[in-house]
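The values are calculated or read from the model by the stated rules, or taken from the named source; none is laboratory data. All values derive from a computational prediction rather than experimental measurement. Counting neighbours? That spans all protein chains shown, and the Cβs are built from the backbone with ideal geometry, glycine included. Please note that ligands, DNA and RNA were not included when accessible areas were found on the heavy atoms of the full protein model with its side chains. Shrake-Rupley method; radii C 1.70, N 1.55, O 1.52, S 1.80 Å.
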Amino acid sequence: MTRRVLQLGMIGGGSGAFIGAVHRLAIQLDGEARVVAGALSSTPERALESGRELGLAADRTYPDWRAMLTSERQRPDPIDAVVIVTPNHAHFEPALAALNAGFHVIIDKPMVVEPAHASALQEAATRAGRILAVTYNYTGYPLVRTARELIRTGELGPIRKVIAEYHQGWLATNLASEGQKQAAWRGDPVLAGAGALGDIGTHAENLIRYVSGLHIESLAADVHTLVHGRRVDDDALVRLRFAGGAVGHISVSQVCVGEENGLALRIYGENAGLTWRQEHPNELHLNTLSGDRRIITRGSTASQAQGLGATRLPPGHPEGFIEAFANVYRGVFAAMRGERGAEYPDVNAGAAGVRFVAAALSSRGAWVPLR
Ligand SMILES: NC(=O)c1ccc[n+]([C@@H]2O[C@H](COP(=O)([O-])OP(=O)(O)OC[C@H]3O[C@@H](n4cnc5c(N)ncnc54)[C@H](O)[C@@H]3O)[C@@H](O)[C@H]2O)c1
């Protein structure tokens with residue numbers, strides 16, 4: 001039986017936007033879904049122009065997201081879900097309205113800016129019986145899934161120490177003041193909520209949570225703004241204590257000159273330690289107490305069932321960012337179709353990220369509990 005192609009409506013991701021285009025590539029990779037509608041930009045004119053550029057049908061190219069939700073609800077063939085890829089401050093309202101209108105919601109991180117809004121979305125998704133997925137795309141890398149499986153099957157032994165770092169250099173100058181599109185809203189505390197902590201700290205927090213399965217019990221954060229004139233944080237060191245006794249830290253920075261997307265995860269158990277780096281995603285390093293040093297490659301039999309299941313190409317042919325994004329979407333689409341056992345980063349994962357940022361911003365070096 002042929003599967004119905006799921007229909008999506010995108011909010012944000014118009015002309016000149018960054019991540020919306022990545023979402024569209026990932027969505028189309030497996031032919032499971034299509035973006036058929038959109039309210040793609042912050043002004044009606046640009047929204048309509050962006051829809052034309054993408055080749056959306058004229059009657060499904062909307063001036064704003066409210067018009068899209070109203071009109072799609074009345075169609076005989078409505079969209080199944082909205083994909084929200086707007087700046088952070090413009091996530092909550094459309095997400096809540098879409099859930100209340102009966103649509104599934106797919107949203108990029110940070111899910112929202114305020115912890116109270118995170119709670120509201122948790123309640124709304126439950127009440128509506130709809131999926132809210134947060135595109136924590138790094139969880140889609142095959143070897144990230146391998147790392148998770150190695151930990152679940154006890155290969156590392158009880159976990160003692162977890163380190164995630166995400167270092168970038170693109171905001172080493174006050175790019176926001178030069179009007180660069182992506183930097184402009186990221187440098188505005190009202191539009192972004194937080195700086196590096198929200199932008200990349202949420203990825204680090206989620207990666208730890210996803211791979212190790214550990215729950216952060218409390219944190220103590222030193223949060224800095226190192227570039228003169230910037231109004232949000234651009235550097236932070238967050239010490240972590242996990243339930244069960246493990247310790248660790250997250251280091252995030254956007255002022256590390258020369259760094260690109262230096263996301264790395266290191267996890268040490270009693271018997272072994274592993275390292276995965278986003279810029280070399282097709283290798284996972286596993287070192288054991290007895291001195292064995294292994295490099296597990298993506299697609300190899302050593303990459304375990306979870307890793308193989310997320311792989312499209314034979315080992316040695318590089319896979320990367322888009323494919324990992326598509327793997328996250330694969331789980332989301334399976335959940336939307338009601339498939340049993342479908343896994344995707346859900347509203348609770350999104351809420352955990354929002355609470356992590358709020359706790360780190362409030363810490364000022366002191367230990368604060370994370371609920
Ligand atoms: N998962 C990732 O790796 C990743 C990477 C980059 C960005 N993001 C997240 O994606 C979101 C967008 O980031 P970006 O870098 O693509 O930003 P961007 O500035 O490149 O694009 C934002 C788009 O949203 C549109 N927009 C703004 N307000 C709108 C509204 N009310 N209605 C409709 N459209 C509106 C803008 O016109 C623009 O087209 C952010 O939340 C960001 O944190 C995630």
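Assorted remarks:
- Among (1) away from the ligand (no atom under 12 Å from the Cβ); (2) open to solvent by 30 Å² or more (accessible area, probe 1.4 Å) - the single one ALA101 does not satisfy: (2)
- Some residue of region 151-161 being open to solvent by less than 30 Å² (accessible area, probe 1.4 Å) and within 12 Å of the ligand (Cβ to nearest atom): no
- GLY169 passes every criterion in (1) touching a helix residue (DSSP H, G or I) at 6+ places or on another chain (Cβ under 9 Å); (2) of a type in the set (Gly, Ala, Ser); (3) more than 27 Å from ALA326 (Cβ to Cβ) apart from (1).
- Any hit, region 4-22, residues being touching a Gly at 6+ places or on another chain (Cβ under 8 Å), open to solvent by 50 Å² or more (accessible area, probe 1.4 Å) and assigned to a loop (DSSP other than H, G, I, E, B): yes
- In region 166-188, residue least open to solvent (accessible area, probe 1.4 Å) [restricted to those that are hydroxyl-bearing (Ser, Thr, Tyr) and over 14 Å from ASP233 (Cβ atoms)]: THR173
- Per-region count, region 81-95, residues crowded, with 20+ Cβ neighbours inside 10 Å and more than 14 Å from GLY193 (Cα to Cα): 7
- Here region 22-43 is the region considered, the condition is being near the ligand (Cβ under 10 Å from one of its atoms) and closer than 24 Å to SER71 by Cβ, and the residue that is farthest from the chain's Cα centre (by Cα) is THR43.
- Test for GLY193: is it under 17 Å from the mean Cα position of the chain (by Cα) and surrounded by fewer than 19 Cβ atoms within 10 Å (Cβ to Cβ): no
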